[in-house]
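Heads up: the structure comes next, in C-alpha cells.
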Amino acid sequence: VDADTVAVEAPDVLVVATGAAPLIPSITGIDGENVVTAFDILAGNGVPEGKRVAVLGGRQVGCETAEFLVHRDNQVTVVARSPESQLADETPQTYRNALLLRLRNAGVEFITEHDVKEIRADGLVLIGADGAERDLSADAVVIARGSVPQRSLADSVGAAVAEVHVIGDSEDPRTIEEAMYEGTLLGRQI
C-alpha cells in the first residue's frame, strides 16, 4: 500500500501498522558484504552456518539472534556497549535469565562495555570503555542495535484521509504485546 493506493481507496480511516526497520549505526565498514541485520537473519535471509559471527547489540533482539545463530553451528560473540548487567534487560526477568543461561551454555561469548570503531572483512575493531582498542575476528557481522519506526505512509497521505492512526512499531518500536494491545484498543475505538 502506498499513498496512491490510499487515494484510490479513499478510506474514512487509515490505520498504519507498517512496523519498524533496523537502525543502522554510522560505523566505518557497515556497508560491507559481511554485514547483515538481525531482521534479515531472523527472516531467514543470509544466515551464516559454521562461521564466526559477531552480533552488535546486547538487547533482546541481539541475544535472540545470537541464540538463533548458535543453533546453526556458528561461533557467536555478542558485542554490547552496555555492562553485562544490562544484557536483554528490557525482557521479563524469568525469560531473560533463561535466555542468558542458554546462550552461555551454548558457548556464546559476551564482550560488554565496548563499541565498534570499524568493521572489516575479517572482523571488527572494538573500543573499550577505557579507550583501548582490540580486534575481534569474525566472518560475519549482524547489526542488532535497535530499530526505527516506519511511518512514511502516514506522512505521505497528508490530509487525503481525515482520520489516520499510527500504531505498533510504526509509532515507536516496542514489544509485540504492546502492538497487540494498541491494535485491539484502536479496533474497539473505530
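All of the numbers you see were taken from the coordinates with simple rules; none came from a lab. Source: prediction; values computed, not measured. Methodologically, a virtual Cβ is constructed for each residue, glycine included, from the backbone with ideal geometry; neighbour enumeration extends over all protein chains shown.
Just to be sure I understand: of the beta bridges DSSP finds with both ends in the chain, what percent are antiparallel, rounded to 5?
Details: 14 of 34 bridges.
Antiparallel: roughly 40 percent of the beta bridges in the chain.
Kindly rank 159-166, 109-116 from highest to lowest mean number of other beta carbons found within 10 Å of each residue.
Working: 159-166: 14.4, 109-116: 17.6.
Descending packing order for the listed peptides: 109-116, 159-166.
Test of understanding: what is the full-extension gain from Ala121 to Leu101, defined as 0.36 nm times their sequence separation minus their Cα-Cα distance? Can you show the working numbers first?
Details: separation 20, 0.36 × 20 = 7.20 nm, distance 3.06 nm.
Fully extending the segment from Ala121 to Leu101 adds 4.1 nm.
Annotation: average projected area of region 1-122 is 10.2 square nanometres, based on the convex hull of Cα atoms across all directions. Note on Ser82 and Glu177: their simple-model spin labels are 1.6 nm apart, each label 7 Å out from Cα toward Cβ.
State the antiparallel share, in %, of DSSP beta bridges confined to region 26-113, rounding to the nearest 5. Here the share of antiparallel DSSP bridges comes out near 0 percent.
Would you please put 129-142, 20-33 in order of how densely packed they are, using the mean number of other Cβ atoms within 10 angstrom per residue and starting with the highest? Could the numbers behind the result be given before it?
Values: 129-142: 15.6, 20-33: 13.8.
Top of the packing list down: 129-142, 20-33.
For the pair His71 and Glu33, label points projected 7 Å from Cα toward Cβ lie 3.0 nm apart.
How high is the FRET efficiency between Ala160 and Leu23 when r is their beta carbon distance and R₀ equals 30 Å, given to the nearest 0.05?
Working: r = 29 Å, r/R0 = 0.98.
Computed FRET efficiency for Ala160 and Leu23 comes out at 0.55.
Working from label points 7 Å from Cα in the Cα-to-Cβ sense, the Lys51 to Glu109 distance is 1.7 nm. Computed from the Kirkwood radius of its Cα pairs, the Stokes-Einstein diffusion coefficient for region 24-88 at 37 °C and 0.692 mPa s stands at 268 µm²/s. What Kirkwood hydrodynamic radius, in Å, does region 102-190 give when the mean of 1/r is taken over all pairs of distinct Cα atoms and then inverted? Computed over Cα pairs of region 102-190, the Kirkwood hydrodynamic radius comes out at 17.2 Å.
222 nm [θ] for the chain, helices only, -39500 (n - 2.57) per DSSP H run of 4+, per residue, to 500? Don't jump to the answer; show the numbers that get you there.
Working: 6 runs with 56 residues, N = 190.
Dividing the helical sum by the residues of the chain leaves -8500 deg cm²/dmol.
Of the GluC sites (Glu not before Pro) in region 41-94, the ones in a loop by DSSP (not H, G, I, E or B) with at most 14 other beta carbons within 10 Å are Glu49, Glu90.
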